[in-house]
Each structure stands twice: as structure tokens, then as C-alpha cells.
Amino acid sequence: MPNRLSSHGFLLALAAALLFPMAGAQAAERERIALHPCVITGNKKASTPDLQLACVTAAVRDNIDFVSSTDVNAFFDAEKPKDAPKKGRQRKEVPISCATKRNPKERDACLGRLAATTQAARSLYLSIHFTYVRGALKGTRITGRAVDASGKLVEEKLKELILSSPVPPEPELVRSAVSQLLDQLETTRPPTPEFIPQSLTDRPIEPDLPPAVAQPTPAVPPLKAEPPPPPRPRGRTWMTPVGIAAGGVGVVGLGVATVFLLGADSKAKDFNSAFAGDSLPTASELPGLIQLREDGESQRKNGKVLMIAGGALLAAGGALFGVDTALKDKKSPPAAGSARVIAGPGQVGLLVVLP
């Protein structure tokens, strides 16, 4: 609940606001603003008049055209009820202030009447609240409200001050809070400087200079076309190692096939020699001869299979190696003093490059 302004504090704040006409004379182009006396709540150590004086002096700026305190004081004197008790019939005089309006709409209406009566475009309402916890100051919150002459809220800002250690005195906190809040309000910011086009500014008088003589442009020699880079020689690809490996396996297969075939021929000769004489083999020799014939036929069959497979691998490997060599020789420029065999479909030739 906001504290009501004391009579002494109210008059002190209005007296300090007499500084506003000097700031207004330097900002005639700004809209006139009626500053409501600062509302201080929650203070314990400093007196309310001292804090109101700190608030008013911090609000004075060269770029703000404030209404004089005399007009503000006259407005609140006119707002007093006609049947108000005289000063001697009450202990303490309660001044009229928009802060006594607890309803925000009624408060904005009061601020609108303040602006309209003082012929100001807007009224500025500053409220500062101190928060104490166990006797120690923990926070300061300031609220600023700008209301136009019709009682419509134009702008409102809230600023929370982060207190450092040690905590500054309350008047210093009020000055800092008011200064920071006025920097955030659009109502109290200085006007943006008007941009003047360069064509409207005064131009310096340029002296008459004789016409410049055109200098001949030096001839640029034509660029020589650089020859295209030589084709990059083609190296061997995967076909060479695969061809070599296949040829090697094919050679081994042919060797094993030769061994099998020779062994089969040897067994065939031994089998035939057993029946070459006049006497036939005995019954005890027949099982060995039959096994000898079967082993020979098995070796001959395996030798033929290995011979075919080895020959195929050797031919495939040789073809891969030959194709890769032919492509490499075709892409690479021949070196001086070398000879190459050129093979193609239906033709075979010898290429000799002289040094």
C-alpha cells in the first residue's frame, strides 16, 4: 500500500521542480511533460522529503521540457475538495495526489487531468519502493508510467536495481533508479537528429579549372595463349595386379595338373605291364591292380580339371595384364629411344621412338 505524501515532502518536491523551466528552455521542440511528485514507499532510514528531492533532481535533463512546479502545485490545489476540513481541525494535512487513487484507471484519469490542465502532452508518474528484510535493504523497484491528456496509458516501465555490497544510501539509490528508468522510457528519450540530405547542405565553391587534357592510354600487349598442359600419363589400374595373380594361380594349376597326368600315365603303364606277359596276375594281385587302375583314372580326371582351370586363369590374367598395358601405352606419351608393341583388332605393330 503506497504511503501518502507528507505536506513538507510534497512542497519540497515541487520546489525542487522549479529547475524544470531551465531544462525546458533548451528543449523547446520536445513535448511538454508534467512530472507528478515522486511517490516513495517502504523507506525506513531516509526521510521521504529527502528521497523526493533526490528523485526530482535526477529527473531534470536538458532534453526534457517539464511543466513548472507552480502549475503542478496549482493543479493539486484545485483538486482539493471544497468541503475539506480546515488545517486546524486535523492533526496532519493529507495533500491531494494521484497516488491516493488506488484504482489504476482512476490514477490514470488523475494523471490525464494533470496533463490537460497544465497543457502538457503527457504526465509522468514515478513510484519508488524499498524492500527491507529483517532491517536490511534487499531491493529497490521503480515504476514509471506515462499517461496522455485523455487519461490513456501510453507507456509503462519497471526497473529492479541489483544492490551491491556495501549497499548505497537510499538517496543515491533513488537517483540511480530514476536515471536508469528515464533512459528506458521513450517519453523521456532525446529526439532523433533529423537527417539533412547532402544536396541541401551548403556546397563549397569550386574554382574554375582548365579542361583536363586526355592522356593517351598505353597500348596493352595482347596476352599470349598458353599451350594446354600435356595429358597426364595414365598409370596401371587394378587389372595389372589381378592379372598377375590370376596368371600365377593358373601356372601353379597347370603344374599340379601336369604332375597328376604324369602320375596317371605311370599307374596306367604299371597296370598294363601286369597283363603283358604270358602269365596272368594271381587272385591275390587283382585287388592291388584294381586299386592302381582306379587311382590312375582319378589322377587323370583331376589333372584334366586342373589343366582346364589353370589354363583359363592363365589366359584371363594375361588378358587383363595385356589390356592394362595397352591402355597405359596408349595414354602415355612414348619416351625417346623406346620401342613398344602395338596390338589391335586384326593388326600388330612395333612403335619405335628415336632419340
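The values are calculated or read from the model by the stated rules, or taken from the named source; none is laboratory data. Predicted model only: the values in this text are computed from it and were never measured. Neighbour counts run over all protein chains shown; Cβ positions are idealised from the backbone, glycine included.
Figures for the structure shown
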item	result
Within the stretch 29-83, considering residues that are among the β-branched types (V, I, T) and within 19 Å of A99 (Cβ to Cβ), the one nearest to the chain's Cα centre (by Cα)	I33
Single residue of V154, V167, V133 found to be of a type in the set (V, I, T), free of Cβ contacts under 8 Å to residues at least 12 places away in the same chain and surrounded by fewer than 22 Cβ atoms within 10 Å (Cβ to Cβ)	V133
Failed item, numbered, when S123 is tested on (1) out of contact with any Leu (no Cβ under 8 Å at 6 or more places or on another chain); (2) modelled with pLDDT of 85 or more	(1)
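Matching residues to (1) touching a residue at least 40 places away in the same chain (Cβ under 8 Å); (2) assigned to a helix (DSSP H, G or I); (3) surrounded by fewer than 13 Cβ atoms within 10 Å (Cβ to Cβ):
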residue	(1), (2), (3)
A245	yes, yes, no
G248	yes, yes, no
A257	yes, yes, no
A264	no, yes, no
K269	no, yes, yes
T282	no, no, yes
R293	no, yes, no
K304	yes, yes, no
M307	yes, yes, no
